[in-house]
């Protein structure tokens, strides 16, 4: 059977699905691709959410859900071999208690600790399709960056693929619910969503009553050469809004892109957040802090250029984004929310 899968894979490759996979992800990818970070967790890093093996009532298959691309995915039986192609997806699967079912992850999947022990099948945008298929997955959880590369090849082979694309915090909650249904972990999904909503509501119940005058202008940067930020239709923009801020680029463009230093200065942000991709957070933060041309903006004048304590809190659209929301809310409105020390 394994040899047959590999032969079928080769046919898919010849059909043209594979070549585009060789493009490495970088600052120019969609904001969701920036989630492949590898930062060291801060002392206050959240513990992994419950991964206890609670037993659900056996789900009735077939089960059908709609992924973030609007594709319908139907499973005729409970998946026992699952591959994740994004660190955020891996965190969701572990939080649902699916550790034993996860047979493959990416090189960047490092949380929780048990994820480091799983078989590596992918960089980020360049999975090893032959190795992936040889693991005979019942379900692959991919990301939107794989839409034109990995997805067509796996669809030709009949491998079920659920694709995530989190453009709002609520989208992340939907993904958790969908994956809970697909894997027979509905009660774990509900428990996780309730825990996340409790933290989200603890912030938005306050910020939702603020006027625009009470909110502060925020610039979010995760790269410095060029300066890279986010616009509308991104979950990071949604986090800023929920935290009581106004993203200075929300009305200019969607998704993520490079911007000029002059455009930042002209918008005069009151707060600048820096995260950074991979392990580059300190480098990006230093570059922004040392940029003398930014000294004229309110964020620099009032010493309100902040580095996110753990970039994974906000760069990975998974269960820990609620920690990023709480941290950012505390930095934007320390008079209301107690900032983390």
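What follows is calculated from the coordinates using simple rules that are stated; it is not laboratory data. No experiment lies behind these values; they were computed from the predicted model shown. Every residue, glycine among them, receives a Cβ derived from its backbone with ideal geometry; neighbour counts consider all protein chains shown.
List 75, 135, 154 from most exposed to least, where exposure is judged by having the fewest other Cβ atoms within 10 Å.
Listing 75, 135, 154 from fewest to most nearby Cβ atoms yields 135, 75, 154.
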key: Label point at residue 69 placed 7 Å out along Cα→Cβ; residues across the range 134-155 whose backbone nitrogen lies under 16 Å   = 139-155
message = Sorted from largest to smallest, which semi-axis lengths in Å does the alpha carbon gyration tensor of the range 209-302 give for its equivalent ellipsoid, taking the root of 5 times each eigenvalue?
response = 20, 16, 12
ask   = Given the Cα-Cα distance of residue 201 and residue 117 and 0.36 nm per residue of separation, how much length would full extension add, in nm?
value = 26.8 nm
task = Evaluate E = 1/(1 + (r/R0)^6) for residue 181 and residue 265, where r is the Cβ-Cβ distance and R0 equals 41 Å; express this FRET efficiency to the nearest 0.05.
result = 0.30
query = Which FRET efficiency value, to the nearest 0.05, do you get for residue 157 and residue 251 by plugging their Cβ-Cβ distance into 1/(1 + (r/R0)^6) with R0 = 45 Å?
reply = 0.55
inquiry  = Just to confirm my numbers, what's the Cα centroid distance between the range 79-116 and the range 154-195 in Å?
reply    = 13 Å
remark   = Eigenvalues of the alpha-carbon gyration tensor of the range 173-223, times 5 and square-rooted, give semi-axes in Å, largest first, of 31, 16, 7
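So for 224, 181, fewest C-beta neighbours within 10 Å to most, what's the order?
Fewest to most other Cβ atoms nearby, the residues stand as 181, 224.
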request  = Give the percent of DSSP beta bridges with both residues in the range 209-332 that are antiparallel, rounded to the nearest 5.
outcome  = 35 percent
task = Could you list 107, 67 in order of exposure, starting from the residue whose Cβ has the fewest other Cβ atoms within 10 Å?
result = 107, 67
message = Under a crude label model (7 Å from the Cα following the beta-carbon direction), how far is residue 99 from residue 286 in nanometres?
response = 3.7 nm
message = Can you compute the label reach from residue 233? Point 7 Å from Cα along the Cβ direction, backbone N cut-off under 18 Å, restricted to the range 150-179.
response = 164-172
remark   = For the residue 148, residue 301 Cβ pair and Förster radius 45 Å, calculated FRET efficiency rounded to 0.05 is 0.50
